[in-house]
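The values are calculated or read from the model by the stated rules, or taken from the named source; none is laboratory data. Because the structure is predicted, anything quoted here is derived from the model rather than measured. Don't worry about glycine lacking a Cβ; one is built from the backbone with ideal geometry, like all the others, and counts go over all protein chains shown.
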């Protein structure tokens, strides 16, 4: 099985520029620069590459939404979102540390495809090793002529800037990220007009996730049919799946898109630790609904996971075992989301701390009979369309599904006036 995203990974230092070139690195950029931007976008569209940041929006469609210079002359910007702060998610860090030139090549090609001469990598501040390796890769690329003015004599200009974020979860939301990059408070703003029309400093802006961009050079080199054939579903390519929790081998693996939950957990993560049983899993990080044993044969692709009642998200699974309190687990997540709320809108600012406080009281033996009704109320009134961004709706996903699948555990906390796992 081909694993293009991790093929160049090795222990210790990542490939230098010369080593990357010997393995075919930057050949995709050379090829892309001989193509027109529209041709590149068409190729990406044909590949069925969907965004790997969580939403799964078709990448080619997103790129084509940026107005052409004929329709809207002037500056446009390209942003690589490397602010990976979703709990349980660490795939982008591995890609940036393991093969920074692969990522950088994707950034350059994407910038050229939308006629952007300025690109920003918005990096999570805790990722100090990735920061160091990206700085070295960017410096090497400038020295070699892959970045800067008149790239390889083609007349194309692309300059990449590494921006280390302020370190808030809300910066992962697109409009809040743009505000932060502009030096403003990181709060969301209206989605109208779209950022592809009016984004960073009021100019057309495109934003893509790290893993998404790492796929781009391989599509250019090998073609869209090759990319689609890597997958076990209609979504093209491979996927970095990860597992955390009490499994035997926590980690991350590059597998065909559409690999089942069961295969990832049992064949790659080694199954549950001895003496423990599987109870549930959040398939796409901390802001996705729980799935349970009946869903183990669900394919991990966007449509299949959605039909099962959750979201693929980042494809990084958090496993719940039978010796871990689901109420305590959800409380830990809601406490995080409440702390990370930017406070811009009332439902999120006030509702998330209320949810966290109710769950904390349950854990401490002070739960009340009507607490479950109050929690259900919040899952509806902090849901999609009720807040400025997706932070609160995402925070409600693990809670609303836990109230369905683990209701007896919540009830025991209330009736027994204690946490049964303590």
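Observations
- Condition check for residue 285: modelled with pLDDT of 95 or more and either on the phi > 0 side of the Ramachandran plot or assigned by TED's automatic domain parsing to the domain that holds residue 169 (or both): no
- On inspection, residue 161 passes the criterion of being assigned by TED's automatic domain parsing to the domain that holds residue 85, in contact with a strand residue (DSSP E or B) (Cβ under 9 Å, 6 or more places away or on another chain) and surrounded by fewer than 18 Cβ atoms within 10 Å (Cβ to Cβ).
- Residues in segment 147-170 that are under 30 Å from residue 340 (Cβ atoms) and assigned to a strand (DSSP E or B): 160, 161, 162, 163, 164.
- Selection status of residue 308, at pLDDT 95 or above and in the same structural domain as residue 388 (by TED's automatic domain parsing): no
- Checked against the criterion of being at pLDDT 95 or above and surrounded by 16 or more Cβ atoms within 10 Å (Cβ to Cβ), the candidates 351, 313 yield just one match: 351.
- Qualifying residue in segment 138-146 (condition: touching a residue at least 24 places away in the same chain (Cβ under 8 Å) and either under 24 Å from residue 73 (Cβ atoms) or in a loop (DSSP other than H, G, I, E, B) (or both)): yes
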